[in-house]
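Following: one structure in structure tokens, then a few remarks.
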Amino acid sequence: MTAPIQDHSQTRDLHRWVRLAFIIALLALVGWLGWRALRSGLSARAVLNDLDRLQATMAQPSLDALPRVQADIASLETHLKEVRAAAGPFLRLTPSLGWAPRFGPDLVLAPQLLDMAVELSTAGRIAVDTLAPIGELVSGGGGLDALPQAVDALQAAQDAVGHSCRPNNCPSMSGRGFCRGRG
């Protein structure tokens, strides 16, 4: 008679351990998702700060502001990539949120919009980095005398721009014809 009671006790202990393991796994998942949400939010806030700085700088554009613009665009690109990486688990769910009132269509397109923002910031960084030497020549007081040097700098930068536009250098745009006719 003691054997069935002992089996029932072992079964109950097993169920207790299974429940405990399930609760721990669930808490770990919720903690991980919370951490990813926090990282996404902090990176998104950094993106907004970068955009505010860029807008303030570009309110009165000048060649003297080019180094600040370069740094802000590079920072924007980095922060957008961080948002994309941190928000990955949530972005996988957005295509099924089209039913949400008011924001549904935007939520469905969120992954593509974020990819587009990252690629545009990369293109902006490449453009500003390419034009920086020319801006330095012109802002140095060279005026029209600096034009031949500026043309030489543009020709030297052409290879860098052509290389950056090859599909294997644009992972989220490869195979979509983004850089058609190049490389």
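The values are calculated or read from the model by the stated rules, or taken from the named source; none is laboratory data. In this text, all values refer to a predicted model and were calculated from it rather than measured experimentally. Neighbour counts run over all protein chains shown; Cβ positions are idealised from the backbone, glycine included.
Annotations for the structure displayed:
- The number of residues in the stretch 134-149 being more than 17 Å from Gln70 (Cβ to Cβ) and at pLDDT 70 or above comes to 2.
- Among the residues listed as Leu20, Leu42, the single one being of a type outside the set (Ser, Thr, Tyr) and over 15 Å from the mean Cα position of the chain (by Cα): Leu20
- Residue under evaluation Ala28, criteria (1) surrounded by 11 or more Cβ atoms within 10 Å (Cβ to Cβ); (2) in a helix (DSSP H, G or I), criterion not met: (1)
- Failed condition for Pro89, given (1) in contact (Cβ under 8 Å) with a residue 40 or more places away in the chain; (2) surrounded by 15 or more Cβ atoms within 10 Å (Cβ to Cβ); (3) more than 9 Å from the chain's Cα centre (by Cα); (4) farther than 15 Å from Leu51 by Cα: (2)
- Among the conditions (1) free of Cβ contacts under 8 Å to residues at least 24 places away in the same chain; (2) farther than 30 Å from Asp64 by Cα; (3) among the hydrophobic types (A, V, I, L, M, F, W, C), Met116 misses just one, which is (2).
- One residue alone among Ala86, Ala65, Ala74 is closer than 26 Å to Ala157 by Cα and modelled with pLDDT of 90 or more, and that residue is Ala74.
- Out of Arg68, Arg84, sole residue that is among the basic types (Lys, Arg) and under 13 Å from the mean Cα position of the chain (by Cα): Arg84
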